[in-house]
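Report on the following structure.
Only the coordinates and a few stated rules stand behind these numbers; no lab work does. On a predicted model such as this, the values are computed, not experimentally measured, just so you know. Methodologically, a virtual Cβ is constructed for each residue, glycine included, from the backbone with ideal geometry; neighbour enumeration extends over all protein chains shown.
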């Protein structure tokens, strides 16, 4: 049976706690549970079991050194009708973008379709429905420069995602250390 797969970075507990504590408790702003906060690197999507084996093999060739990554500031996607509230990870970190490229290459080597959407690294904090940008502006101003943590990225994770009535359920399928 096919699995819905994505690559991500698991945040340290201290950063997840700091991000969870920033929840402004606004109506129609559904905050992501602290234990589910992560940075999505790429989304290969539905993958059959035989393709997953090839993907695991291709991932063994990914070589990126460990690197430090900040979690800093907040923003939204969706313009005047925001749909996502996010935390940033600095400006164009070369190792992060290098890791993203190597993962895309591994997906191709495994015979899968790469995620061709532009890579805008962020941590999704909340899903927003029917809330104007104006309502969010005080929160965005307050946390524009907030440092939520810095961590040394030492691995990436291949997750599977299953949609349920409670939201997405994530399962770690594979951990790959950086080297």
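If residue 90 meets every condition in (1) under 13 Å from residue 120 (Cβ atoms); (2) touching a strand residue (DSSP E or B) at 6+ places or on another chain (Cβ under 6 Å); (3) in contact (Cβ under 8 Å) with a residue 24 or more places away in the chain apart from one, which number is that one? Every condition holds for residue 90 apart from (3). Per the conditions (1) under 17 Å from the mean Cα position of the chain (by Cα); (2) at positive phi; (3) in contact (Cβ under 8 Å) with a residue 40 or more places away in the chain, the sole criterion not satisfied by residue 78 is (1).
Note on region 18-75: residues that are in a helix (DSSP H, G or I), under 14 Å from the mean Cα position of the chain (by Cα) and surrounded by fewer than 17 Cβ atoms within 10 Å (Cβ to Cβ) amount to 3.
The residues of region 118-133 that are assigned to a loop (DSSP other than H, G, I, E, B), in contact (Cβ under 8 Å) with a residue 40 or more places away in the chain and more than 21 Å from residue 10 (Cβ to Cβ), listed by number, are 129, 130, 131, 132. For region 139-162, residues that are without any contact (Cβ under 8 Å) to a residue 12 or more places away in the chain and loosely packed, with under 12 Cβ neighbours inside 10 Å total 1.
When the residues of region 163-179 are filtered to those that are more than 15 Å from the chain's Cα centre (by Cα) and more than 18 Å from residue 59 (Cβ to Cβ), the one that is surrounded by the most Cβ atoms within 10 Å (Cβ to Cβ) is 167. Test residue 136 against the stated conditions and say whether it is surrounded by 15 or more Cβ atoms within 10 Å (Cβ to Cβ) and closer than 27 Å to residue 78 by Cα. So residue 136 passes the test.
Scan 85, 136, 174 and give me the residue that is within 21 Å of residue 32 (Cα to Cα) and assigned to a strand (DSSP E or B).
Answer to the selection: 85.
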